[in-house]
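The values are calculated or read from the model by the stated rules, or taken from the named source; none is laboratory data. This structure is a prediction, so every number in the text was calculated from the model and none was measured. In this analysis, Cβ positions are derived from the backbone assuming ideal geometry, glycine residues included, and neighbour counts consider all displayed protein chains.
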Amino acid sequence: MCRALAIWVRCYVYPAYQSVADPNIRQKFETAWGVNLDDKPGLTITEIMDGPIRENQGNVYHRGKSPLSEPDANHTIEALRKLDFLVVQDIFMTETAKEADVVLPAVSFAEKDGTFTKYRTSCPEKCAKPSNPSGRASWTGG
């Protein structure tokens, strides 16, 4: 099950908002990616944040959009404070980063090479970074 608060993944859809619950779509991605995929949708951000509150434990590596921008910020702050360990990677010292045990530098899309998928899943032309950024594009290998 996806617990991907760390990268703000929508764990209930595949690329282009194709439903995880649809067996035909799942089969298409299993074939393309060469893996077996779970037929259950992952957790929403609210469900992810319920975990630390309910279990009073957990570790999160978060990068990107702040979960404090969600509708119930107080719920999120309570959850972040109950985590055993929180790592935040961001280009700014956000309110989420202020709650972190460790803050890693990041770079913006303008400082990376490659093709990017926009929020609405369209793909613009390939971009080239204009300079040598001080942060890392990804601490997870990308």
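Could you check the stretch 67-86 and list, in sequence order, the residues that are over 11 Å from ILE45 (Cβ atoms) and in a loop (DSSP other than H, G, I, E, B)?
Residues of the stretch 67-86 over 11 Å from ILE45 (Cβ atoms): 73-74, 77-78, 80-86.
Result: LEU83, ASP84.
Whether any residue in the stretch 49-67 is more than 16 Å from the chain's Cα centre (by Cα), surrounded by fewer than 19 Cβ atoms within 10 Å (Cβ to Cβ) and of a type in the set (Phe, Trp, Tyr) is what I want to check.
No.
Would you please list the contacts, defined by Cβ atoms under 9 Å and residues six or more apart or on different chains, that run from a residue in the stretch 21-38 that is in the same structural domain as CYS11 (by TED's automatic domain parsing) to a residue that is in a loop (DSSP other than H, G, I, E, B) and of a type in the set (Lys, Arg)?
ALA21/LYS40
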